[in-house]
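Here the structure comes first, spelled out in structure tokens, and everything after it is commentary.
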Amino acid sequence: MQTENVNLPITVTVRHESVTDSLRDYAHKKIEGLNLDYPRIIEAKAVLDVQKNRHIAEILLFCANHIVIEATTEGQDMYAAIDETIDKVARRMRKQKTRLMKKRRPHRNESIRYIDESHFDESVLDHPEESETDPEPFLVHKERYSLRTMYKEDAVMELELSDKPFILYKSARRDCLSIIWRRKDGEFASIDINQ
């Protein structure tokens, strides 16, 4: 990722006052410092206006894909107004990137929700031709599970709020063990285990 704009055409216009080299260089440096992640900047214009005790900084960015980003700030000092305007422009650029990412993100129904995976011991990798049958997977992670008494509605709520694949609980209504899990179609299923 490129972190600075190279050879970016920047026009700095000052109204009601003569432009100084330090002010022009400061505006150039700030605009060139905007990162190029998205959207790509094609041309930039900065309009600096001085009226009585008001300093107004306006920055227009002409970007790829016909995106125009504009921000204006008014302040007591021109350098502070430029800084604040650059912050606004950077926020708007991030918003554009977020909109693009949301648009390209797959919808819930199109995304892969469950993938079957198996873990094997390293010995399988050493001599794969010797084993004629599929190797046996080994246990990856052990976890202690506390058994709680609750209603099915509470178990569904806990499952929705956690990353667990299932909830094992003692049913408060039926006084038996129950397992509830989310099926591949998004619905919930449960099994009661009578003792």
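The values are calculated or read from the model by the stated rules, or taken from the named source; none is laboratory data. All values reported here derive from a predicted model rather than from experimental measurement. When we count neighbours, we look across all protein chains shown, and the Cβ atoms used for this are built from the backbone with ideal geometry, even at glycine.
On inspection, ASP49 qualifies as modelled with pLDDT of 85 or more, more than 20 Å from ALA90 (Cβ to Cβ) and of a type in the set (Asp, Glu). The strands (runs of 3 or more DSSP E) falling completely within segment 152-195 that include 1 or more residues that are among the hydrophobic types (A, V, I, L, M, F, W, C) and more than 37 Å from the chain's Cα centre (by Cα) map to 177-182, 188-193. When residues in segment 43-85 are screened for being without any contact (Cβ under 8 Å) to a residue 12 or more places away in the chain and in contact with a strand residue (DSSP E or B) (Cβ under 7 Å, 6 or more places away or on another chain), 1 of them pass. Regarding segment 12-25, can at least one residue be identified that is surrounded by fewer than 16 Cβ atoms within 10 Å (Cβ to Cβ), among the hydrophobic types (A, V, I, L, M, F, W, C), more than 13 Å from ALA90 (Cα to Cα) and modelled with pLDDT under 80? Looking through segment 12-25, at least one residue is surrounded by fewer than 16 Cβ atoms within 10 Å (Cβ to Cβ), among the hydrophobic types (A, V, I, L, M, F, W, C), more than 13 Å from ALA90 (Cα to Cα) and modelled with pLDDT under 80. Regarding SER123, is this residue out of contact with any Ser or Thr (no Cβ under 7 Å at 6 or more places or on another chain), surrounded by 10 or more Cβ atoms within 10 Å (Cβ to Cβ) and at pLDDT below 65? Taking the combined requirement at face value, the residue does not satisfy it. Any residue at all in segment 77-93 that is farther than 30 Å from PRO165 by Cβ, at pLDDT 90 or above, polar (S, T, N, Q) and touching a Ser or Thr at 6+ places or on another chain (Cβ under 6 Å)? Yes, segment 77-93 has at least one match.
The residues of segment 157-192 that are at pLDDT 85 or above and among the aliphatic types (A, V, I, L, M), listed by number, are ILE167, LEU168, ALA172, LEU177, ILE179, ILE180, ALA189, ILE191. If you go through segment 8-59 and keep only what is in a loop (DSSP other than H, G, I, E, B) and over 30 Å from the mean Cα position of the chain (by Cα), you end up with PRO9, HIS16, GLU17, SER18, VAL19, THR20, LYS52, ASN53.
Among the residues making up segment 43-79, those that are more than 17 Å from THR13 (Cα to Cα) and either hydroxyl-bearing (Ser, Thr, Tyr) or surrounded by fewer than 14 Cβ atoms within 10 Å (Cβ to Cβ) (or both) are LYS52, ASN53, ALA64, ASN65, HIS66, VAL68, GLN76.
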